[in-house]
Each structure stands twice: as C-alpha cells, then as structure tokens.
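One structure is given here, and the rest of the page talks about it.
The values are calculated or read from the model by the stated rules, or taken from the named source; none is laboratory data. In this text, all values refer to a predicted model and were calculated from it rather than measured experimentally. Heads up, the Cβs are rebuilt from the backbone with ideal geometry, glycines too, and the neighbour counts pull from every protein chain shown. Side chains included, ligands, DNA and RNA excluded: accessible areas come from the protein's heavy atoms. Shrake-Rupley method; radii C 1.70, N 1.55, O 1.52, S 1.80 Å.
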Amino acid sequence: MAFLTWTDNLSVEIPKIDEQHKKLVELVNTLHDAMRAGHGKDILGKVLAELIDYTGYHFKTEEEAFARFGYPQADEHKKQHDALVKTALDLKGKMDSGEMMVTVETLNYLSGWVTNHIMKEDKLYTPFLKGKPV
Ligand SMILES: [Fe+2]
Ligand SMILES: [Fe+2]
C-alpha cells in the first residue's frame, strides 16, 4: 500500500497544479517503498535530486500564476517555498556528507511537505486562482 494516497482532500481545484502535486506524492511514495525494501539510501540521492528539481519547476508554476493574476498573499507563500527549498538542500548536504538518519528525516520532511503545505498554504489560493488559466 502506498504511504501517501491522493484524495480529493489534497485538491486545490486547479487541474494543472493537482497533477504536479500528484507527482510530489509519487516521489514520497517512491522513497518510502525503497526504505521498506531496505535500500532507501541507494535511491535517496536520486529522489532528493528529483525533488529539488521538481519543486523548483512546481514552485515556478505557482509563483508565475501569483504574479500573472496579482495574488495578494504571494510574498508570504513564496517565503514558504524558499524555506522548503532550503530544507531540501540542507538534507542533500547531510546526505552528501554521509550523516546517518537522513533517509528518515527526508521521508518525514517530504510527507509533511505534501500534507501541510498543500492543505494549508496552497489551498488558500483556490478561491483566487480557480477558473483562471494557470
Ligand atoms: Fe504546491
Ligand atoms: Fe505552494
């Protein structure tokens, strides 16, 4: 069974962004499956690199929509994105220097990211961006 399951609770009601969030859920599940199979560390670097890459792409989508349509909470939201990127880079730094437990930390961080950021921060823009050509 997947560690995280996509449900309508996670929807921001903007199809393009929901698709990107599903990809992030998939990344969390990929890491979890590998950990359960006992080789989480083997693929951690790959998943982290993909996370950093994909979050950059995803945040750009959201921030461009904020700029295009003048979302009033854009600055606050962008700060959250910047903090998340910093944490991901810190985790990658720990992994590169061989620190232990980084796999569990990464899984906790990723699952927290998906559930908290989407459900709290991203959902705030639904009333503003819904129906707009994001
Ligand atoms: Fe998002
Ligand atoms: Fe966001």
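So, with a 1.4 angstrom probe, what is the percent of accessible area on the chain that is carbon and sulfur? Spell out each step's value before the answer.
On the way: 4110 of 7370 Å².
The computed percentage sits at 56.
Please compute the volume of the convex hull spanned by the alpha-carbon atoms of the chain and report it per residue in Å³.
Each residue corresponds to 91 Å³ of Cα convex hull volume.
If I build a Gaussian network model for the chain, linking alpha-carbon pairs within less than 10 angstrom, which residue out of S11, S97, S111 has the largest mean-square fluctuation?
Evaluated over the chain, the most mobile residue of the options is S97.
To the nearest 500 deg cm²/dmol, what mean residue ellipticity at 222 nm is calculated for the chain from DSSP H runs of n ≥ 4 alone, each contributing -39,500 (n - 2.57), summed and divided by the residues?
Mean residue ellipticity at 222 nm (helix-derived): -22500 deg cm²/dmol.
Can you compute the label reach from D96? Point 7 Å from Cα along the Cβ direction, backbone N cut-off under 18 Å, restricted to the stretch 34-51.
42-51
Mind running the shape call on the stretch 1-59? Use the C-alpha gyration tensor, a ≥ b ≥ c as the square roots of the eigenvalues: rounded below 1.5 for a/c, prolate if a/b tops b/c, oblate otherwise.
Oblate is the answer for the stretch 1-59, as a/c is 1.5 or above yet b/c matches or exceeds a/b.
Counting only Cα, what are the radius of gyration and maximum Cα-Cα distance Dmax of the stretch 38-97, in Å?
That works out to 14.2, 46 Å for Rg and Dmax.
How large is the charge dipole for the chain, taken about the Cα centre, if only the Cβ atoms of Lys, Arg (+1) and Asp, Glu (-1) carry charge, to the nearest 20 debye? Intermediate values should be presented prior to the final figure.
Values: 17 positive and 21 negative charges, 24 e Å.
Here the chain has a charge dipole of around 120 debye.
Using the Karplus curve 6.51 cos²θ - 1.76 cosθ + 1.60 with θ = phi - 60°, what ³J(HN,Hα) values do you get for each residue of the stretch 74-85, in whole Hz, with x for Gly and Pro?
These are the phi-based 3J(HN,Hα) values: 4, 5, 4, 5, 5, 4, 4, 4, 4, 5, 5, 5 Hz.
Over the stretch 5-134, give the accessible area per residue in Å² for a 1.4 Å probe, as an integer.
That works out to 54 Å² per residue.
From the C-alpha gyration tensor of the stretch 75-131, pull out the three semi-axes of the equivalent ellipsoid (sqrt of 5λ each), sorted largest to smallest, in whole Å. Provide the component values of the computation, followed by the final result.
Values: eigenvalues 160, 29, 8 Å².
After scaling each eigenvalue by five and taking roots: 28, 12, 6 Å.
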